[in-house]
Amino acid sequence: MNTFVVLVEDHPGVLTRVSGLIRRRGFNIDSITVGHTETAGVSRMTIAVEADEFGARRIEANLYKLIEVLRVDNVTRRPAIFRELCILKVKTTPETRAQIFQLASVYRARIIDVSPESLVVEITGNEDKVQSLIDVLDPYGIVEMARTGRLAMLRGTGTASKPPEDEQDFGAAKAEEDLISHSV
């Protein structure tokens with residue numbers, strides 16, 4: 001799984017153009033998350049795509065062809081933190097309520113809503129941790145689930161969230177140069 005952090009101008013239709021470009025190249029997007037950054041007018045996309053090394057380079061080079069794309073970082077093989085958020089509504093009975101509270105505690109999840117017939121559980125963590133809690137709660141009866149895609153942030157002082165200091169064309173030219181040198 002390749003994970004790209006893509007900085008884009010915050011304009012209507014950018015998400016459609018980015019996802020359409022990846023789709024047209026024959027790749028399936030496993031997850032995509034989009035949100036504002038610390039810089040006004042810039043949004044951050046985290047895109048998870050199943051691709052080999054050549055495919056990942058093609059995706060990166062093609063993303064730079066979109067005018068609204070400011071920066072593309074493939075953080076797959078870099079020291080990074082990957083997280084997801086999941087909110088689950090789980091059926092409860094008086095007999096199972098304490099068990100679900102205990103399971104949430106083991107996973108460091110939070111109970112964020114309580115009603116007579118259900119609990120809403122919030123968990124953040126890596127993909128495996130989130131999936132594990134889903135698997136454990138499934139026998140109780142998951143009524144509803146909302147799950148974000150992958151978020152990524154580089155560890156330490158590295159950053160994927162600031163547009164490059166120099167011209168954005170340099171990044172596009174570099175990505176295309178890498179693609180050409182590896183395809184010959």
Taking the Cα centre of the chain as the origin, how large is its charge dipole in debye, to the nearest 20, when only Lys and Arg (+1) and Asp and Glu (-1) carry charge on their Cβ atoms? 240
Amide H of ASP30: which non-local residues (sequence gap of 5 or more, or other chain) have their own amide H closer than 5 Å, using H built in the peptide plane? ALA48, VAL49, GLU50
What list of whole percents do you get for P(r) of the chain, with Cα-Cα distances grouped in 10 Å bins up to the one holding the largest distance? 9, 32, 27, 18, 11, 3, 0
Towards the positive end of the charge dipole of region 1-148, with charges on Cβ (+1 Lys, Arg; -1 Asp, Glu), say which of THR46, GLN131, GLN102 has the farthest Cα. THR46
Please report the relative contact order for region 25-164, taking Cα pairs under 8 Å with a sequence separation of at least 6, and give it as a percent rounded to a whole number. 30
What's the FRET efficiency of THR157 with GLU50 using the Cβ-Cβ distance as r and R₀ = 25 Å, to the nearest 0.05? 0.25
Normalised by the number of residues in region 34-83, what is the relative contact order in percent for Cα pairs under 8 Å and 6+ residues apart? 19
If R0 is 35 Å, what FRET efficiency do you get for VAL114 and THR33 from their C-beta distance, rounded to 0.05? 0.80
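Read-outs throughout are calculated quantities, based only on the coordinates presented, and are distinct from any laboratory measurement. From a predicted model like this one, the values you see are computed outputs, not experimental measurements. Neighbour counts are summed over all protein chains in view; Cβ atoms, including those assigned to glycine, are modelled from backbone coordinates with ideal geometry.
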